[in-house]
1. Leaving out ligands, DNA and RNA but keeping every protein chain, what accessible area does residue 78 have, in Å² rounded to the nearest 10, with a 1.4 Å probe?
2. Starting from region 51-103, pick out the trypsin sites (Lys or Arg not before Pro) whose DSSP state is loop and whose Cβ has at most 12 other Cβ atoms within 10 Å.
3. Solvent-accessible area per residue for the chain at a 1.4 Å probe radius, Å²?
4. In square nanometres, what is one fourth of the surface area of the convex hull spanned by the alpha carbons of region 103-151?
5. Shape call for region 42-86 from the C-alpha gyration tensor, a ≥ b ≥ c root eigenvalues: rounded (a/c under 1.5), prolate (a/b greater than b/c) or oblate?
6. For region 80-139, what relative contact order do you get, as a whole percent, if you take Cα pairs closer than 8 Å and at least 6 residues apart?
7. How big is D for region 1-137, in µm² s⁻¹ as a whole number, if Stokes-Einstein is applied with the Kirkwood radius of its Cα pairs at 37 °C and 0.692 mPa s?
8. If I fit a long axis through the Cα atoms of helix 3-33 and take the longest principal axis of the Cα atoms of the chain, what angle between them do I get, 0 to 90°, rounded to 10?
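The values are calculated or read from the model by the stated rules, or taken from the named source; none is laboratory data. Just so you know, these numbers come straight off a predicted model, no measurement behind them. Methodologically, a virtual Cβ is constructed for each residue, glycine included, from the backbone with ideal geometry; neighbour enumeration extends over all protein chains shown. Note: accessible area is taken over every heavy atom of the protein model, side chains too, but ligands, DNA and RNA are not part of it. Shrake-Rupley method; radii C 1.70, N 1.55, O 1.52, S 1.80 Å.
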Amino acid sequence: MDKNKSIEALQFFTTGLSNGAFVHKVQGQILKSAGFTKLGEKYINHYDEEMGWVTKFIDRILDLGGEVKVEDRPSTPLVADPVLYVKCDLQRQTEGLEVLRKCLAGVHDDPTTYDLIKAYLKDEEEDLYWSENTVELIEKLGEQNWLLTQL
């Protein structure tokens, strides 16, 4: 088992996911303050869920004897339009799942890290399905009708 490879993967996800989670938190607050309470709460709760994964990744880094880093993150533009945000989030999720799948293959010789990342991948796939279904629902109902369901 290559501990360094596992630590690097876990650190990559710790940094990326903590940034993504914070974006969800801020976006949720923006959506909620605009009156889209249900959608805002969904993303605020998603922040808590994602930070739970960050905690698990940090714990695993420490279990492997690694040093956790707080790394700089790029600025992320925020999106005021709820429909556009759901669509942008779907795109990010799709791209993120590909990265996760590739990473999973890279840690196959570390069963604990493999299982952890595999569980996270499963969770992210469920989030992707929600986003895909939501975009389909927006198309079927129309943007204005869907937005009314999010008040």
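1. Ignoring ligands and nucleic acids, residue 78 comes out at about 90 Å².
2. Values: sites: 56, 60, 69, 87, 92, 101, 102; in loops: 69.
Of the trypsin sites (Lys or Arg not before Pro), the ones in loops of region 51-103 whose Cβ has at most 12 other Cβ atoms within 10 Å are 69.
3. Details: 8390 Å² over 151 residues.
Averaged over the residues of the chain, the accessible area is 56 Å².
4. Numbers: hull surface 17.4 nm².
The number I arrive at for region 103-151 is 4.3 nm².
5. Working: a/c = 5.17, a/b = 1.99, b/c = 2.60.
Verdict is oblate for region 42-86.
6. Numbers: 26 pairs, mean separation 30.0, N = 60.
Value for region 80-139: 50 percent.
7. Values: Rh = 15.6 Å.
Answer from the Stokes-Einstein relation: 210 µm²/s.
8. 20 degrees
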